[in-house]
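This report refers to the structure that appears directly beneath it.
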Amino acid sequence: MFENNQAQLNDVDFEKLSNFIYTNYGIKLPISKKIMLQSRLASRLKANKMSSFTEYTRYVLSGKAGEEEIVNMIDLVSTNKTDFYREAGHFDFMREVVLPGYIAKETNAPFKVWSSASSSGEEAYTIAMVISEFMEEHRKFDFEILGTDISSRILEKARTAIYPMDRVDVVPLAQKKKYLLRSKDQENPQVRIVPQLRARTRFFRLNLMDNSYNAPKDFDIIFCRNVLIYFDRETQEQVIRKLCSHLKPGGYFFLGHSESISGIDVPLRPLKPTMFMKI
Ligand SMILES: C[S@@+](CC[C@H](N)C(=O)[O-])C[C@H]1O[C@@H](n2cnc3c(N)ncnc32)[C@H](O)[C@@H]1O
């Protein structure tokens, strides 16, 4: 017989922890996620030398757990699924509408894009590749990409910009040759984004639930994809409103495929499904 030595998370502690996570980070955890939360947080109990979730819950809710513990906890509960060229329609729209519109203005202001739930950086580096490709076919201009996320662990990956080879299958071959460096290790094939694209991209931690965002106010595009699904309608409205205040007038805003602004009051004009322009 096997003994189950793992600490169990009871419904009361689950409710307390999930409320805390939802109130402070907007991440909804329905009761169906209890076992997931229990297994993901088991390592935090061990790290804090605690034997029960009741003790851990009390520690987190008491405010005695420092910022570092909260960051570690959120790292474990956030879902970071992402891909290069995920939801490719947004990148086609950039190439066909947004970037031609930008060069037509003949401005000297850099083209600025914010990947506001960047996860491990695939979205930000796809944007960098699309812009670089466009510049090759048209003309050169200055551009900057900001990636932010709540998870510091995932942001470290984004900064390192190293990915397993199979993650970049979707990147067109010509772009792979220009923008990806291959590791020599045959056992563990990896690629790294080239320094010239990394230099255009910076990452820092930012909680979309914060009252205001410490970020520039003049973005040409904000990507806010596959993060609002975790938030309720009221929080979605607040987050989109705050993000819109960082867009240029006429700037573009992209949501994930299962997200919408229907029924919420935000200064955005729909252009195509999940694509909007700031009013
Ligand atoms: C599913 S990933 C989406 C990544 C990328 N935008 C895409 O569509 O491929 C969601 C990301 O949102 C981040 N996230 C969750 N809550 C957040 C919050 N309150 N503030 C900032 N980022 C958050 C998670 O850490 C995760 O990396």
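Laboratory data are not the source of any read-out in this text; all were calculated from the coordinates shown. Keep in mind it's a predicted model, so treat the numbers as computed, not measured. Here Cβ is always computed from backbone atoms with ideal geometry, including for glycine, and neighbour counts include all displayed protein chains.
A few remarks follow.
- 20 Å Cα-Cα reach of K46 towards aspartates and glutamates, excluding residues that sit fewer than 8 places from it in its own chain: E3, D13, E55, E67, E68, E69, D75
- 3J(HN,Hα) from dihedral phi, the range 273-279, Karplus parametrisation 6.51/-1.76/1.60, rounded to Hz, x for glycine, proline: x, 6, 10, 9, 10, 5, 7
- Sites L61 and T160 - FRET efficiency at Förster radius 35 Å, r taken between beta-carbons, to 0.05: 0.55
- Cross-linked pairs K242/K278; K49/K81; K157/K242; K140/K178: Cα-Cα separations exceed 19 Å for K49/K81; K157/K242.
- Note on T235, T126, T57: ascending count of other Cβ atoms within 10 Å places them as T235, T57, T126, the fewest first.
- Put simply, the chain fits an ellipsoid with semi-axes of 36, 24, 15 Å; these come from the alpha carbon gyration tensor as the roots of five times its eigenvalues, largest first.
- With 0.36 nm allotted per residue and the present C-alpha distance subtracted, the A199-K248 stretch has 15.3 nm of extension available.
- Proxy reagent accessibility, fewest Cβ within 10 Å first, across H138, H90: H138, H90
- The gain in end-to-end length when the L173 to E137 segment is fully stretched comes to 11.3 nm, 0.36 nm per residue minus the alpha carbon separation.
- Counted by neighbouring Cβ atoms within 10 Å, the residues M129, M165, M277 run from fewest to most as M165, M277, M129.
- Sparsely packed loop sites in the range 41-81 (the trypsin sites (Lys or Arg not before Pro) outside DSSP H, G, I, E and B with at most 15 other Cβ atoms within 10 Å) comprise K49, K64, K81.
- In the chain, the longest principal axis of the Cα atoms and the axis of helix 122-137 are about 10 degrees apart.
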